Every structure is written in structure tokens, then in C-alpha cells.
1. Quick check: is even one residue across the range 94-117 open to solvent by less than 30 Å² (accessible area, probe 1.4 Å), of a type in the set (S, T, N, Q) and either modelled with pLDDT of 95 or more or touching a Lys or Arg at 6+ places or on another chain (Cβ under 8 Å) (or both)?
2. Filter the range 30-78 down to residues that are on the phi < 0 side of the Ramachandran plot, touching a Lys or Arg at 6+ places or on another chain (Cβ under 7 Å) and surrounded by 14 or more Cβ atoms within 10 Å (Cβ to Cβ), then give me how many there are.
3. Enumerate the strands (runs of 3 or more DSSP E) found wholly within the range 32-102, keeping only those where 2 or more residues are in contact with an Asp or Glu (Cβ under 7 Å, 6 or more places away or on another chain).
Amino acid sequence: MKKISFKPLAAVFTFCALAGFSHAALAQDATLSVEDAWVRATVPSQHATGAFMRLTSAAPGRLVAVESQAAKHVEVHEMAMQDNVMKMRQVPGIDLPAGQAVELKPGGYHVMLIDLAKQITPGDRVQLTLVVEDGAGKQRRVPVEAVARPLNATAAPAPGHGH
């Protein structure tokens, strides 16, 4: 009879436990690709800012919430024209069609961090947790680290510029 060693697997589970992840969370995170996550830096006394990223889900889902210790309130918003005026409003979620990239960007869908804990400066790393719901209503949490970009940032940095 062959003896099978599970030491490498045990090491992965131990690492995950120490890092604060469950083994299930790692498997579920593989179904959502998060690219180019960033937040807009703030000036002193600014109380809110936006977070942006590109999400691609392997299966149909919905972004229903975002959490962060960086702010007291975190909301999913969209910018939309209403009576010839661009307005921002909170939305209950954003559909994530299978295999299609969904952009959270300035001027469109985005995450608002409201009542910031402190000023966010360029280069800061802001921890976010995306709450994604699948078609059966089951929710999973996906940790994301977003890097702060300067106030005037509007899009991804040009290729070859350190990104």
C-alpha cells in the first residue's frame, strides 16, 4: 500500500489560515478576475473618494457590496445622465455577465469610499472586500488591494510606465 503525504496541502491550508483566508475563499476567488484596482488620492480634509477596477467573472454574478476599513461607508455608485445633467447615484449592485469585463471607472460605475478614516496619498494601498453574489444567491468575499493614484488620474497608466 502506498503512503500518501498531504504535507504540501496542509502547508497551503496553514498559510491560508494564518493569512485570514479559508480554503474555500481561495477556490471561489478563482472565478472572479480583478484587474487594475486603484483609488483616487485625496487632499487633506477630503471626506470621500472613488475606487475603480475591471471585473471579469467566470460565471454570471453580481457585485452587491464592497467593504473597507478605509471608510465608514462604502457604496456602489453609477454616474448617469438625467435631464441633461450628469448625476451620481447609489445602485444596489452591478451585473457581472460570464466572461465579459465590467469596468468600474470614473464617469461610470464605481465604488465610493465615504467618511474616510484618513487622507489617501499616491502610492497608498487600500484594502477592499468585494461581495459577489452568484445566480443562486450565494455570496462570496473577494479581497482586493487598490493602489492610490494622483488626484488627476483618469485611466490606467500608459504601458511600460511601471504597471
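1. No, the conditions are met nowhere in the range 94-117.
2. 8
3. Details: elements: 32-40, 48-57, 61-67, 71-82, 85-90, 94-96.
In the range 32-102, the matching strands (runs of 3 or more DSSP E) lie at 48-57, 61-67, 71-82, 85-90.
The values are calculated or read from the model by the stated rules, or taken from the named source; none is laboratory data. Note that the structure is predicted; figures quoted are calculated from it, not measured. All Cβ positions, even for glycine, are placed from backbone atoms using ideal geometry, and neighbour counts span all protein chains on display. Keep in mind that these areas ignore ligands, DNA and RNA; they rest on the heavy atoms of the full protein, side chains included. Shrake-Rupley method; radii C 1.70, N 1.55, O 1.52, S 1.80 Å.
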